Amino acid sequence: MFAHNKRLQYTVRVAEPNPGLANLMLEQFGGPQGELAAALRYFTQALAEDDPGRKDMLMDIATEELSHLEVIGTIVAMLNKGAKGELAEATQEAAELYRAINGAGNDSHVTQVLYGGGPALTNSGGQLWTAGYIDSIGDPSADLRSNIAAEARAKIVYERLINVTDDAGVKEALGFLMTREVAHQLSFEKALYSMQPNFPPGKLPPRQEFARVYFNMSQGEGDMRGPWNSDEQFQYISDREQQLAVDGGSGLPETALTPEQSVAVEQMAARTASDPQSNPMTGAELGSGQLDADEPAGRTS
Ligand code: MN
Ligand code: MN
């Protein structure tokens, strides 16, 4: 079950209304790296998890992310409060209201006019939240890696939001939320490495002849060697002949068809064959107004 506490996880102090800033904050409310996506990512993973340690961790972090959603949503609501009241009560002249929600690069008309100043389930550009933001695959070694990357991205978005905010209270709350993503990243990494082996993901082993090969496919000035393709770690292949048909086969696609299927495929190929000797008149040429007076034989215009 879920229980709600009326006190926030971190106290929200907003200096003054700022609908433009509220709009930017929506990135972490209903955006791809936002708190709703994080909460539902871990909550759904927790429901299906059979390992008791990971299940508990995922449920703890999912619940904390919901608490972050509450904090960031409260920041949005506080930053919008003034404009919301003014718009609802039409306390100013139309032009003044227009400026309040749209002026000074503050592009908050969608949140104001459509959503009434409440925290909308959109990103900062108005894109609706979607479950497509969550990429769980149901394997702990793959999902933990994705969770680590999701926390890293969330940390970066918070960092960018902190950099565009001059409201000290908002900055402080964002700094807390950013720091918690760092802590979550560490927990997920610890959980990943506490599972041995965790690489490669899944159960089927990779095919050994290809597992430690590096194909130098983009060749020319700028070719570089490093630990990602070092001779200690990888067999480094630059020879073009050794990069193709690596199975030792012809490299040409093959399939087996029934005799009836073969006949049908050949019939279709014959019916749709192109004539390399032709020079057909096209609509583009007809429309160009630049046709020769003497049309080639067989052509009509
Ligand atoms: Mn969070
Ligand atoms: Mn997190």
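The values are calculated or read from the model by the stated rules, or taken from the named source; none is laboratory data. Being a predicted model, the structure only gives us computed values, none of them experimental. Positions of Cβ are backbone-derived with ideal geometry, glycine not excepted, and every protein chain shown enters the neighbour counts.
Values as computed for the structure displayed
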read-out	value
Residues satisfying the stated conditions in segment 23-42, i.e. buried (at least 22 other Cβ atoms within 10 Å of the Cβ), of a type in the set (Gly, Ala, Ser) and within 13 Å of ligand 1 (Cβ to nearest atom)	GLY31, GLY34, ALA37, ALA38
Residues of segment 243-292 satisfying the condition of being part of a helix (DSSP H, G or I) and in contact (Cβ under 8 Å) with a residue 12 or more places away in the chain	GLN243, LEU286
Qualifying positions in segment 158-171 - in contact (Cβ under 8 Å) with a residue 12 or more places away in the chain, more than 18 Å from GLU64 (Cα to Cα) and assigned to a helix (DSSP H, G or I)	GLU159, LEU161, ILE162, ALA168, GLY169, VAL170
Selected residue (criterion: modelled with the highest pLDDT) from residues of segment 72-94 that are crowded, with 21+ Cβ neighbours inside 10 Å and touching a Ser or Thr at 6+ places or on another chain (Cβ under 9 Å)	VAL76
Within segment 141-172, considering residues that are within 15 Å of ligand 2 (Cβ to nearest atom) and small (Gly, Ala, Ser), the one nearest to PHE199 (Cα to Cα)	SER146
Counted residues, segment 160-174 - those being in contact with a Gly (Cβ under 8 Å, 6 or more places away or on another chain) and at pLDDT below 95	0
Boolean, ALA104 is at positive phi, at pLDDT below 75 and not β-branched (Val, Ile, Thr)	yes
All positions within segment 181-197 that are touching a helix residue (DSSP H, G or I) at 6+ places or on another chain (Cβ under 7 Å) and either within 16 Å of ligand 1 (Cβ to nearest atom) or part of a helix (DSSP H, G or I) (or both)	GLU181, VAL182, HIS184, GLN185, SER187, PHE188, GLU189, ALA191, LEU192
